[in-house]
Amino acid sequence: MDQWEAQRTELHAVSVEMYRRGLVGAYSGNASLRLEGSGAEGLLLITPTQKPWYRLVPQDLVVMNLDGEPLDDGPAPSSETALHLEIHRKRRDVAAVVHSHSIYASAAAVAGREIPPIVDEMIFAIGGGVPIGDYAFPGTEELAQTACRTMGEGNAVLLRNHGVVGVGSGIWEALEVCDLVERVARIFVLSQSFGPGGANPLPPDIIEIEKQVFKMQRRVSVEIDPQG
Ligand SMILES: [Zn+2]
């Protein structure tokens, strides 16, 4: 039996769900999960490249170290491996990364628009608005660094002319962050149909209070589960 069978099952379930919800096309997007347990120090499980989500099986997922070296000769890892490695190296509070290509969020990314903090739940789950960095070519170290730097201590970032990255203390949390970014992007687009000023940010003092709640929740979850 595979040592990482439970984690493979979980990451596979999230990958299928990401496709089922329409957050990615058959061949786009990717996800990774930091492995825990004995012998897991510095190891990741990541989705493979060139495999449609509807054909993915748990054994297709790739175990690699934080230098990006797969542990066996199985399928090749995601073409966005550099992005995942950079976030897992820099953000020790993050256990999982999901990268999606959902439609409304990608539309904002194409328009070069960050998503401002317009609804309460995005502050609690993401830590504020969803920022956007400079354009970088897919799969490059430049994209990895730009995304990680632009995301800062928040839980989501838009990749210009490309898509979304969401992170979390678990793989389902990272998926829900990407799902929330898509729903908020829809609200952002639709609110502007009411005319100029339609997309009103939350009051600044409320944003500050909610950011404090976000930071407190993170501190509690890291203290309870230092691995996660
Ligand atoms: Zn992508």
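The values are calculated or read from the model by the stated rules, or taken from the named source; none is laboratory data. Every value quoted in this text rests on a predicted model; they were computed, and no experiment measured them. All Cβ positions, glycine included, derive from the backbone under ideal geometry; neighbour counts span all protein chains shown. Note: accessible area is taken over every heavy atom of the protein model, side chains too, but ligands, DNA and RNA are not part of it. Shrake-Rupley method; radii C 1.70, N 1.55, O 1.52, S 1.80 Å.
Brief remarks on what is shown
- Among the conditions (1) among the basic types (Lys, Arg); (2) in contact with a helix residue (DSSP H, G or I) (Cβ under 7 Å, 6 or more places away or on another chain); (3) more than 16 Å from the ligand (Cβ to nearest atom); (4) closer than 26 Å to GLN192 by Cα, ARG113 misses just one, which is (2).
- Only one entry of GLY25, GLY29, GLY68 meets the criterion of being under 26 Å from ASN161 (Cα atoms), away from the ligand (no atom under 16 Å from the Cβ) and of a type outside the set (A, V, I, L, M), and that entry is GLY68.
- Tally, over segment 42-80, of residues that are open to solvent by 10 Å² or more (accessible area, probe 1.4 Å), under 18 Å from GLY170 (Cα atoms) and touching a strand residue (DSSP E or B) at 6+ places or on another chain (Cβ under 9 Å): 3
- Among the residues of segment 103-126, those that are over 14 Å from ARG160 (Cβ atoms) and buried (at least 23 other Cβ atoms within 10 Å of the Cβ) comprise MET122, ILE123, ILE126.
- The set of residues in segment 195-214 being part of a helix (DSSP H, G or I) and either loosely packed, with under 10 Cβ neighbours inside 10 Å or without any contact (Cβ under 8 Å) to a residue 60 or more places away in the chain (or both) consists of PRO204, ASP205, GLU208, ILE209, GLN212.
- The lone exception for GLU142 - which of (1) open to solvent by less than 60 Å² (accessible area, probe 1.4 Å); (2) under 28 Å from GLY68 (Cα atoms) it fails: (1)
- Enumeration of residues in segment 127-152 that are closer than 14 Å to LEU85 by Cα and either at pLDDT below 95 or of a type outside the set (Gly, Ala, Ser) (or both): THR140, GLU141, GLU142, LEU143, GLN145, THR146, CYS148, ARG149
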